[in-house]
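Asks: For reference, the structure I am asking about is given below.
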């Protein structure tokens, strides 16, 4: 059914949409077709919140961070940084990606200071000086949205003076009068919205106006909040009768007392939802509000949780005909959004300085670091988190898992690259979401690489994709889709690190156990890695399903490696005639290369990796092996560029090859 609805939706948008309007409890387009808004918020762009930039402990609000930067760089260079930040954080390439992923709307959190001066800076008290920078940014964004057939919803995230006690959300400065403590701040807010409405009254791809984000202030009966909302609405309607007005409740868009009855015939109640259960009970009071007022609902902001929670939340919303906007599109070094911007090492040093654990950097060093971090915010420099998008869209229609990446055998299958999909289909983990409140639970304890319940941390093993599965608990498991081009026999090794005894792992292929559960001997530390042969399996060409089942705890897991073996009697042409360590391919290589070697008779085989100066780095193979032709993929993510040596030793053979890593 959702597919049919999506098809009808796409047809209606392509053939002409008109302004979004309310029709009873529905939001419809100009053709009268109901629209379920599936959007995302551009948090961190026009307004920096400390947690998004890793500065919460010393500068939780944008004005505090800017002051710290100015103390180091001066105003001119600080202006350079903010100009680069605004230019890089969201561009057309970002808008194109959002459309490709399936979003049909964008919520833009606006800081008033990009549009009008603060009251203390006005040349004439009580008047409003408007700035073009913010309006020009909206113009450009609107053009990108229209090109991609996405609605743009304008959200006043930071109102003049700040609308809430939570400093970072509204850039509130307790040393100055808030929105609620100063009449001029409120009149400036009304004037801001009238100017917005005047400028965009005829723009059909403007989806509506979200008047004030998450007010959170002691406002008895919400009387002052309603009064301000009505004043803004009247100002908008003087110049714009086309657009929806979105009204958020007090206390972070949850309390709508005093905000009824509805005062406009094109109005939507917008609520926010974080860190609670995705149950009908959690939204019943909102459904009652919708029924009593005959006004649509919109989940204007949600997110900051696991993929499991994401899937369930979207399912709950859409089964009750409620649109949604996720939060946020990108942050620095995070897994909970579609995009993660890498943290620049120089920027990390700057954070350390502000936290009191590093010396003060020079002006040039600090400037360079901040400008590089702004550069890192560009779409092409970010890491895409496919699991987030998969949970929001594909998993709504399918419980099936799909490959996270192509795993071609022979080769290494990293544990962190398990299939995309729902819990109990692609993986099982004990802790997988937070429904207990802000900071109450950590679903991915390591907070790296992926946003499911699987706990992932940075890996220090010499061969890795940069990450390993950790904090393993009894009964957890992972599933992988594998591809075999050439049928044959494969020997299987596992790579693990055990800090204590009692851990076991069981591998199954296509539902059949490969031997039994294998004990994982202690290796002496969480990052002291060892390899263990667990069995051999015969595989046909085509797709296969591998499952890793974990028992006990006290160990980490890096990868499973499949070695292709061809074993036969002496007259079999596939049995190698002699020992051979073949030159790796490709060579030179970038991060990953393949090494092939022959074992003509049962032998103890040691293959080791050395630096060019002869320092041993690690053993790649160290075991008794049957005759065969073998192949292994080696990932050098944790090594720097340079020349390395790979040696193979048996009782009858000793050979070394030289390989070149180019990062």
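Asks: Any idea how many residues of the stretch 121-146 are assigned to a loop (DSSP other than H, G, I, E, B) and within 27 Å of residue 41 (Cα to Cα)? Before you say what the answer is, go through the steps one by one.
Replies: Initially, the stretch 121-146 is screened for residues assigned to a loop (DSSP other than H, G, I, E, B), giving 122-129, 131.
With within 27 Å of residue 41 (Cα to Cα) added as a condition, the list becomes 131.
Here the count works out to 1.
Asks: Going residue by residue through the stretch 296-305, is there one that turns out to be surrounded by fewer than 16 Cβ atoms within 10 Å (Cβ to Cβ), out of contact with any helix residue (DSSP H, G or I) (no Cβ under 9 Å at 6 or more places or on another chain), outside any helix (DSSP H, G or I) and not assigned by TED's automatic domain parsing to the domain that holds residue 458?
Replies: At the first step, the residues of the stretch 296-305 found to be surrounded by fewer than 16 Cβ atoms within 10 Å (Cβ to Cβ) are none.
No, every residue in the stretch 296-305 fails to be surrounded by fewer than 16 Cβ atoms within 10 Å (Cβ to Cβ), out of contact with any helix residue (DSSP H, G or I) (no Cβ under 9 Å at 6 or more places or on another chain), outside any helix (DSSP H, G or I) and not assigned by TED's automatic domain parsing to the domain that holds residue 458.
Asks: Somewhere in the stretch 306-313, is a residue in a strand (DSSP E or B), in the same structural domain as residue 112 (by TED's automatic domain parsing) and over 21 Å from residue 182 (Cα atoms)? So that I can check it myself, show each step before the final result.
Replies: Initially, the stretch 306-313 is screened for residues in a strand (DSSP E or B), giving none.
Within the stretch 306-313 (the criterion being in a strand (DSSP E or B), in the same structural domain as residue 112 (by TED's automatic domain parsing) and over 21 Å from residue 182 (Cα atoms)), the answer is no, since none of the residues qualifies.
Asks: Moving on. For the structure I just gave you, tell me whether residue 615 is touching a strand residue (DSSP E or B) at 6+ places or on another chain (Cβ under 9 Å), outside the structural domain of residue 528 (by TED's automatic domain parsing), without any contact (Cβ under 8 Å) to a residue 60 or more places away in the chain and more than 21 Å from residue 489 (Cβ to Cβ). Show your work before the answer.
Replies: Working: touching a strand residue (DSSP E or B) at 6+ places or on another chain (Cβ under 9 Å): no; outside the structural domain of residue 528 (by TED's automatic domain parsing): yes; without any contact (Cβ under 8 Å) to a residue 60 or more places away in the chain: yes; more than 21 Å from residue 489 (Cβ to Cβ): yes.
In short, no.
Asks: Under the condition of being part of a helix (DSSP H, G or I) and touching a residue at least 24 places away in the same chain (Cβ under 8 Å), which residue from the stretch 360-372 is surrounded by the fewest Cβ atoms within 10 Å (Cβ to Cβ)?
Replies: We begin by selecting, within the stretch 360-372, every residue part of a helix (DSSP H, G or I); these are 363-372.
Still in the list and also touching a residue at least 24 places away in the same chain (Cβ under 8 Å): 363, 366-367, 369-372.
Values: 363: 12, 366: 21, 367: 20, 369: 20, 370: 24, 371: 19, 372: 16.
Looking at residues that are part of a helix (DSSP H, G or I) and touching a residue at least 24 places away in the same chain (Cβ under 8 Å), I get 363.
Asks: Related question: Just to be sure I understand, how many residues within the stretch 94-112 are over 11 Å from residue 326 (Cβ atoms) and buried (at least 18 other Cβ atoms within 10 Å of the Cβ)?
Replies: So the count comes out to 9.
Asks: Further question: Got a sec? Which helices (runs of 4 or more DSSP H) wholly within the stretch 1-111 have at least 2 residues that are modelled with pLDDT of 95 or more?
Replies: Details: elements: 2-14, 62-73, 75-89, 92-101.
Answer list for the stretch 1-111: 62-73, 75-89, 92-101.
Asks: Out of all the residues in the stretch 166-189, which are surrounded by fewer than 19 Cβ atoms within 10 Å (Cβ to Cβ) and part of a loop (DSSP other than H, G, I, E, B)?
Replies: Those that are surrounded by fewer than 19 Cβ atoms within 10 Å (Cβ to Cβ) and part of a loop (DSSP other than H, G, I, E, B): 166, 173, 174, 175, 176, 177, 182.
Asks: Going through the stretch 239-265 one residue at a time, which ones are surrounded by 21 or more Cβ atoms within 10 Å (Cβ to Cβ) and touching a residue at least 60 places away in the same chain (Cβ under 8 Å)?
Replies: Matches in the stretch 239-265: 243, 244, 246.
Asks: Buried (at least 16 other Cβ atoms within 10 Å of the Cβ), outside the structural domain of residue 651 (by TED's automatic domain parsing), in contact with a strand residue (DSSP E or B) (Cβ under 6 Å, 6 or more places away or on another chain) and closer than 26 Å to residue 634 by Cβ: which single residue out of 534, 595 fits that description?
Replies: Numbers: 595 fails: outside the structural domain of residue 651 (by TED's automatic domain parsing).
Sole residue among the options that is buried (at least 16 other Cβ atoms within 10 Å of the Cβ), outside the structural domain of residue 651 (by TED's automatic domain parsing), in contact with a strand residue (DSSP E or B) (Cβ under 6 Å, 6 or more places away or on another chain) and closer than 26 Å to residue 634 by Cβ: 534.
Asks: Next question. From the list 212, 236, 196, exactly one residue is assigned to a loop (DSSP other than H, G, I, E, B) and touching a residue at least 40 places away in the same chain (Cβ under 8 Å). Which is it? Give the steps one after another, and end with the answer.
Replies: Values: 236 fails: assigned to a loop (DSSP other than H, G, I, E, B); 196 fails: assigned to a loop (DSSP other than H, G, I, E, B).
After ruling out the rest, the residue left standing is 212.
Asks: Would you mind finding the one in 375, 380, 457, 399 that is surrounded by fewer than 22 Cβ atoms within 10 Å (Cβ to Cβ) and in a strand (DSSP E or B)?
Replies: Exactly one of 375, 380, 457, 399 is surrounded by fewer than 22 Cβ atoms within 10 Å (Cβ to Cβ) and in a strand (DSSP E or B), namely 457.
The values are calculated or read from the model by the stated rules, or taken from the named source; none is laboratory data. Values in this document were obtained by computation on a predicted structure and should not be read as measured data. FYI the Cβ positions are ideal-geometry reconstructions off the backbone, even for glycines, and counts take in every protein chain you see.
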